[in-house]
1. Which members of the stretch 228-245 meet the condition of being open to solvent by less than 100 Å² (accessible area, probe 1.4 Å) and within 17 Å of ASN206 (Cβ to Cβ)?
2. Of the conditions (1) surrounded by 13 or more Cβ atoms within 10 Å (Cβ to Cβ); (2) without any contact (Cβ under 8 Å) to a residue 40 or more places away in the chain; (3) under 23 Å from HIS160 (Cα atoms); (4) hydrophobic (A, V, I, L, M, F, W, C), LEU225 clears all except one; give me its number.
3. How many residues does the stretch 238-295 hold that are hydroxyl-bearing (Ser, Thr, Tyr), at pLDDT 85 or above and closer than 26 Å to GLU146 by Cβ?
4. Can you name the condition, by its number, that ASP96 falls short on among (1) over 30 Å from PRO282 (Cβ atoms); (2) surrounded by 11 or more Cβ atoms within 10 Å (Cβ to Cβ); (3) of a type outside the set (Phe, Trp, Tyr)?
5. Can you tell me which residue among SER217, SER188 is touching a helix residue (DSSP H, G or I) at 6+ places or on another chain (Cβ under 9 Å), surrounded by 15 or more Cβ atoms within 10 Å (Cβ to Cβ) and either modelled with pLDDT of 95 or more or of a type in the set (Val, Ile, Thr) (or both)?
6. Please determine, by comparing only the residues of the stretch 33-45 that are buried (at least 16 other Cβ atoms within 10 Å of the Cβ) and not acidic (Asp, Glu), which one is farthest from ILE71 (Cα to Cα).
7. Quick one: ARG255 ticks every box in (1) among the basic types (Lys, Arg); (2) surrounded by fewer than 11 Cβ atoms within 10 Å (Cβ to Cβ); (3) farther than 18 Å from THR8 by Cα except a single one, so which number is it?
8. So which residues in the stretch 43-59 are out of contact with any Phe, Trp or Tyr (no Cβ under 8 Å at 6 or more places or on another chain) and either modelled with pLDDT of 95 or more or part of a helix (DSSP H, G or I) (or both)?
Amino acid sequence: MSLVELGTHVEVALAFGGWQDSEQALVRQLWDKIPADALLLEDRGFFSYKHWKTLDSQSIKLLIRMKSNLILRPLGERLPDGSYLAKIYPSSYRRDKDRDGIVVRVIEYTLDDPQRTGHQQTHRLVTNLFDHALFPALELICNYHERWEIELVFDEQKTHLDPRRASKAAHLRSQTPEGVAQELYALSLGHFVVRALMFEAAKEENLNVDQLSFTGSLHTLQARLPECDSSTPASLEQWYRALLAELAQERTEPRRNRVNPRVVKRKMSKFAKKRPEHRGQPPLQKTFIETVVVT
């Protein structure tokens, strides 16, 4: 389990266990690592009444997707942005008795672009950010859909950080649990160093860190580390400033407006099997924000 700052791709904390440890159990190890000013985005598999109550009582700002079978009854009229207030309960019995309910803000929406994954499905987000003027529904929807970027972090760690084969997947070589834990922390720390330097380089040039290439920055750092002169504070500062200036030149092309079908090559999950019609999709005509219809 990984706690990632999506804007910078910095991994704040991680937790791991054996095959018997569920994601829902591991995620509790990350709760005390959540920054006070963060907005926590979570997939629908992590929601539970107890989970929400614990984090909400700690004043953690939450934005979590809900499963379709959870009953959320509106309390009064909808807010001006289309969202509404409802209550979550620990059980159906307490819902019927209206006991121990926690008020939440619900955002429901669909996507009106047939090319988009999830088209015509009703998506529901729940948050404890109640001010619709400060936190409009459309803005929260777009923020939530940035959650997929955590997969880029895993790709950077598992595919690009292997120093022997920078374009090949990294493999854990240790034969003991302690050795595996050591390697996992090493991957995380190495990734943190690269991403922290990329953030500083972007800040120096007033850039969005998304405009910098992780692979290019990694290769630049690998090439410049042997030249690092730390004999005096002045020489180290000179090397560091030159490194940041070089990292700032590792630019990427602007991101394309694209989407991939939610299919799998081998039928081992709930997603449809990948077929020939899923390849070579035509270019999208709308940006994501243009497809959102708050219901």
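The values are calculated or read from the model by the stated rules, or taken from the named source; none is laboratory data. Predicted model only: the values in this text are computed from it and were never measured. Ideal geometry is used to build each Cβ from the backbone, glycine not excepted, and the neighbour counts take in all protein chains shown. Side chains are part of the model used for accessible areas, which takes the heavy atoms of the whole protein and leaves out ligands, DNA and RNA. Shrake-Rupley method; radii C 1.70, N 1.55, O 1.52, S 1.80 Å.
1. First, the residues of the stretch 228-245 that are open to solvent by less than 100 Å² (accessible area, probe 1.4 Å): 228-232, 234-237, 239-240, 242-245.
Correct list: LEU244, ALA245.
2. Just one mismatch for LEU225, condition (1).
3. Of the residues in that region, 3 qualify.
4. (2)
5. SER217
6. Taking the stretch 33-45 as the starting set, the residues that turn out to be buried (at least 16 other Cβ atoms within 10 Å of the Cβ) are 34, 39-42.
Narrowing further to those that are not acidic (Asp, Glu): 34, 39-41.
Details: ILE34: 28, LEU39: 24, LEU40: 22, LEU41: 21 Å.
Selected residue: ILE34.
7. Only one criterion is unmet by ARG255, namely (3).
8. If the condition is that a residue be out of contact with any Phe, Trp or Tyr (no Cβ under 8 Å at 6 or more places or on another chain) and either modelled with pLDDT of 95 or more or part of a helix (DSSP H, G or I) (or both), then ARG44, GLY45, PHE46, LYS50, HIS51, TRP52, LYS53, ASP56, SER57 are the ones that fit.
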